[in-house]
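> Mind having a look at this structure? Questions to follow.
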Amino acid sequence: MGGKEPSLERFWDSAEKVAGIASYIASTIPRGPRDDAYCFGLFHDVGIPILMQKFPDYRQTLALADKDSSRPSTAVEDERHATDHATVGYLVAKGWFLPEAICEGILYHHDPLVFDDKDSVNPQALTLIAINAMAEHFQDDYFFMRGNSRWGMIGARVLDHLGLRDDEYCDLREDLISMFK
């Protein structure tokens with residue numbers, strides 16, 4: 001797409017961590033889509049490096065979106081660039097012939113209402129979105145020592161979708177923490 005070549009090492013390190021965590025979470029769920037969860041975790045934000053190459057001020061957009069917890073980051077991106085990383089990522093995933101559930105999950109992974117209208121999104125995509133949201137929450141909390149405002153908005157709906165009680169979530173969290181010690 002043109003533009004300067006930004007350093008993406010941190011981006012891919014983060015994506016790899018989320019993918020590994022997502023894969024583990026999926027393995028704890030009956031019939032959990034472990035391979036798809038890993039793939040989704042790795043590529044859910046693939047639109048970000050593309051937009052970094054296209055727009056020199058895209059890092060500023062990400063910083064603004066990170067500070068604005070009242071709306072999805074994709075809304076800030078749309079305002080500033082007339083597109084967002086979820087849409088670009090969806091197009092890339094379709095071009096790579098990834099499974100439809102992964103493509104659809106990439107498109108909707110920042111939509112805060114995705115769990116409210118379950119009939120409009122593929123159930124497998126919802127499961128991937130839920131697993132990934134939990135994986136990102138854990139990564140933000142454990143590795144970056146920062147809160148995840150998105151988790152505050154959708155955490156209860158994620159747990160409900162995955163059929164996890166609070167005590168099961170706490171057990172899963174403890175398992176993940178012990179894996180990274």
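The values are calculated or read from the model by the stated rules, or taken from the named source; none is laboratory data. Because the structure is a prediction, the values reported are computed rather than measured. Glycine also receives a Cβ, built like all others from the backbone with ideal geometry; neighbour counts cover every protein chain displayed. All accessible areas refer to the heavy atoms of the entire protein, side chains included, with ligands and DNA or RNA removed. Shrake-Rupley method; radii C 1.70, N 1.55, O 1.52, S 1.80 Å.
> What about MET179, is it in contact (Cβ under 8 Å) with a residue 24 or more places away in the chain, open to solvent by 70 Å² or more (accessible area, probe 1.4 Å) and farther than 16 Å from ALA37 by Cβ? Quick ask: steps written out before the conclusion?
Numbers: in contact (Cβ under 8 Å) with a residue 24 or more places away in the chain: yes; open to solvent by 70 Å² or more (accessible area, probe 1.4 Å): yes; farther than 16 Å from ALA37 by Cβ: no.
No, not satisfied.
> Something else: Has region 44-63 got at least one residue that is open to solvent by 20 Å² or more (accessible area, probe 1.4 Å) and under 11 Å from LEU107 (Cα atoms)?
Checked region 44-63: at least one residue is open to solvent by 20 Å² or more (accessible area, probe 1.4 Å) and under 11 Å from LEU107 (Cα atoms).
> Limited to region 58-109, what total is found for residues that are basic (Lys, Arg), part of a helix (DSSP H, G or I) and out of contact with any helix residue (DSSP H, G or I) (no Cβ under 8 Å at 6 or more places or on another chain)? So that I can check it myself, show each step before the final result.
Kept after step one, since they are basic (Lys, Arg), are these residues of region 58-109: 59, 67, 71, 80, 94.
Subsequent filtering for residues that are part of a helix (DSSP H, G or I) retains 59, 67, 80, 94.
Now narrow it down to the ones that are out of contact with any helix residue (DSSP H, G or I) (no Cβ under 8 Å at 6 or more places or on another chain): 67.
Number satisfying all stated conditions: 1.
> Further question: Given the conditions (1) under 18 Å from GLY32 (Cβ atoms); (2) open to solvent by 60 Å² or more (accessible area, probe 1.4 Å); (3) within 16 Å of the chain's Cα centre (by Cα), which single one is not true for LEU113?
Among (1) under 18 Å from GLY32 (Cβ atoms); (2) open to solvent by 60 Å² or more (accessible area, probe 1.4 Å); (3) within 16 Å of the chain's Cα centre (by Cα), LEU113 violates only (1).
> Out of all the residues in region 124-140, is one or more open to solvent by 40 Å² or more (accessible area, probe 1.4 Å) and either under 25 Å from PRO30 (Cα atoms) or within 12 Å of the chain's Cα centre (by Cα) (or both)?
Step one: of region 124-140, the residues open to solvent by 40 Å² or more (accessible area, probe 1.4 Å) are 124.
Applying the additional criterion that residues be either under 25 Å from PRO30 (Cα atoms) or within 12 Å of the chain's Cα centre (by Cα) (or both) yields 124.
Yes, some residue in region 124-140 is open to solvent by 40 Å² or more (accessible area, probe 1.4 Å) and either under 25 Å from PRO30 (Cα atoms) or within 12 Å of the chain's Cα centre (by Cα) (or both).
> Restricting to region 20-36, give me the number of residues that are in a helix (DSSP H, G or I) and in contact (Cβ under 8 Å) with a residue 24 or more places away in the chain. Before you say what the answer is, go through the steps one by one.
At the first step, the residues of region 20-36 found to be in a helix (DSSP H, G or I) are 20-27, 34-36.
If we keep only those that are in contact (Cβ under 8 Å) with a residue 24 or more places away in the chain as well, we get 21-22, 24-26, 36.
So the count comes out to 6.
> Same structure, new question: Starting from residues that are modelled with pLDDT of 85 or more and not in a helix (DSSP H, G or I), keep the ones in region 136-178 and report whichever is nearest to ILE21 (Cα to Cα).
Within region 136-178, the match that is nearest to ILE21 (Cα to Cα) is LEU164.
> Looking at (1) over 13 Å from the mean Cα position of the chain (by Cα); (2) crowded, with 22+ Cβ neighbours inside 10 Å; (3) of a type in the set (Phe, Trp, Tyr), which is the one condition that is false for PHE40?
(1)
> Test ASP84 against the stated conditions and say whether it is surrounded by fewer than 22 Cβ atoms within 10 Å (Cβ to Cβ), in contact with a Ser or Thr (Cβ under 8 Å, 6 or more places away or on another chain) and of a type in the set (D, E, K, R).
Criteria not met by ASP84.
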